[in-house]
Amino acid sequence: MTLNNENILLCLSRVNDPDIKKDLVTLNMIANLSVEGNTVKFDVVLTTPACPLKDKIKNDCIYEIKKVFPECEIKINMTSNVLGSSKKEKGGLLAGVKNTIAVASGKGGVGKSTVAVNLAVALALEGAKVGLIDADIYGPSIPLMLGITEKPQVIELGDKIILLPIQKFGIKLMSIGFLVEDNAPIIWRGPMASGALKQFMSDVEWNELDYLIFDMPPGTGDIQLTLCQTIPLTGAVIVTTPQDVSIADARKAAKMFERVNVPILGIVENMSYFIAPGTNQQFDIFGSGGGEKLALETNSVFLGKIPIDPAIRIGGDNGIPVVYDRPDSSEADIITDIARKLAAEISLSNINTNSQQNIEISLDD
Ligand SMILES: Nc1ncnc2c1ncn2[C@@H]1O[C@H](COP(=O)(O)OP(=O)(O)OP(=O)(O)O)[C@@H](O)[C@H]1O
Ligand SMILES: [Mg+2]
């Protein structure tokens with residue numbers, strides 16, 4: 001067989017993206033292919049820089065090419081172009097933002113903000129462009145968790161106002177907390193809260209983002225429902241602790257998203273277990289298995305379990321998320337793994353909905 005582009009593509013058509021379960025050539029993931037002498041060069045354009053199986057895909061490419069051309073030299077550049085959700089663009093808001101994800105729970109205090117912050121920073125560390133909106137009208141805690149004391153800059157352009165998001169740890173942030181005075185109680189009503197969120201979507205200079213994460217207020221009442229309807233959401237991540245009372249509330253949150261046709265991208269179980277220092281002994285303080293049960297019930301993916309760990313709480317209190325402060329720790333590994341699974345799930349969801357829409361469009365024609 002001759003070493004040329006055509007035959008290399010034939011080899012690469014035997015490599016599947018393990019998440020999407022189609023081959024790289026069909027998925028248009030091979031770019032800039034060239035064969036010069038004995039050297040084969042190409043880019044693999046992944047659907048997210050946080051691809052969980054990046055190394056496997058690269059090794060599979062080498063394996064399939066070497067099987068046919070054992071002598072050739074292979075140079076692969078792994079890159080990415082995050083897929084956007086076509087559903088999201090209907091409202092015209094957030095035109096440069098490819099995906100919008102709500103992090104929600106039914107019950108308060110289960111670690112939504114901790115999970116939202118760490119997932120956002122983990123995705124940014126993987127190379128994605130990430131924004132975070134703290135939409136928690138009851139207790140906007142994200143500025144504290146990211147050690148932010150300043151307020152966003154406001155620029156007036158004629159009669160238009162532009163807000164510049166705060167940038168830290170590689171992500172862009174806006175918070176409901178920036179709109180209220182410190183410690184001042186404020187009673188939000190639905191239209192007021194959705195008005196503030198709309199302003200975050202229309203007046204903030206987000207530019208291009210791969211993922212914009214919304215930390216939602218706890219609960220499943222009218223106000224939360226209104227917020228879910230205000231944001232053009234790609235999907236939602238539900239955070240729960242393992243015990244029944246939390247699962248019961250998380251189930252309500254899942255139902256709320258179902259009602260407004262927002263897919264559940266996955267379930268995260270937080271405060272799942274505690275490893276006693278120096279003993280390696282695991283204590284399931286809040287029970288176990290609740291998150292997996294909920295994932296089964298809601299027909300969604302179980303993204304993973306985060307242990308109770310003082311380093312996670314300290315990261316929140318000190319304003320440096322654990323994934324940034326201690327990137328080599330086991331907690332950071334666990335959260336990064338969840339972020340990668342979530343990114344893969346978003347890609348899959350977009351491939352499915354986008355192809356569904358193409359079918360609908362061609363049926364309409
Ligand atoms: N896995 C964990 N290990 C240790 N501490 C944690 C963990 N997850 C969250 N915490 C701590 O628990 C507290 C509550 O977490 P967080 O504020 O993220 O919850 P929340 O669901 O956003 O709460 P609310 O419903 O009030 O918005 C914080 O002090 C946080 O640092
Ligand atoms: Mg919170």
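The values are calculated or read from the model by the stated rules, or taken from the named source; none is laboratory data. The structure presented is a predicted model; accordingly, all values stated were derived computationally and were not measured. Ideal geometry is used to build each Cβ from the backbone, glycine not excepted, and the neighbour counts take in all protein chains shown.
A few remarks follow.
- Residue in the range 198-220 that is free of Cβ contacts under 8 Å to residues at least 12 places away in the same chain and either of a type in the set (Phe, Trp, Tyr) or within 16 Å of ligand 1 (Cβ to nearest atom) (or both) present: no
- Of the listed requirements (1) assigned to a strand (DSSP E or B); (2) within 16 Å of ligand 1 (Cβ to nearest atom); (3) acidic (Asp, Glu), Glu156 misses just one: (2).
- Test set (1) touching a Gly at 6+ places or on another chain (Cβ under 8 Å); (2) under 19 Å from Trp206 (Cα atoms); (3) crowded, with 21+ Cβ neighbours inside 10 Å - Ile148 fails condition number: (3)
- For the range 11-23, a residue qualifies if it is touching a Lys or Arg at 6+ places or on another chain (Cβ under 9 Å) and hydrophobic (A, V, I, L, M, F, W, C), and exactly one does: Cys11.
- Put simply, of Val180, Val204, Val239 the only residue that is within 16 Å of ligand 2 (Cβ to nearest atom), assigned by TED's automatic domain parsing to the domain that holds Gly319, among the β-branched types (Val, Ile, Thr) and over 30 Å from Glu297 (Cβ atoms) is Val180.
- Of the criteria (1) in contact (Cβ under 8 Å) with a residue 40 or more places away in the chain; (2) charged (D, E, K, R); (3) more than 19 Å from Leu348 (Cα to Cα), which one Asp19 fails: (3)
- The set of residues in the range 38-60 being over 26 Å from Ala120 (Cβ atoms) and touching a Leu at 6+ places or on another chain (Cβ under 6 Å) consists of Phe42 alone.
- Of all residues in the range 89-141 being surrounded by fewer than 21 Cβ atoms within 10 Å (Cβ to Cβ) and at positive phi, the one that is nearest to ligand 1 (Cβ to nearest atom): Gly109
- Some residue of the range 116-135 being assigned by TED's automatic domain parsing to the domain that holds Ser246 and more than 20 Å from the chain's Cα centre (by Cα): no
- Scanning the range 44-66 for residues that are crowded, with 17+ Cβ neighbours inside 10 Å and either assigned to a strand (DSSP E or B) or of a type in the set (Phe, Trp, Tyr) (or both) turns up Val44, Val45, Leu46.
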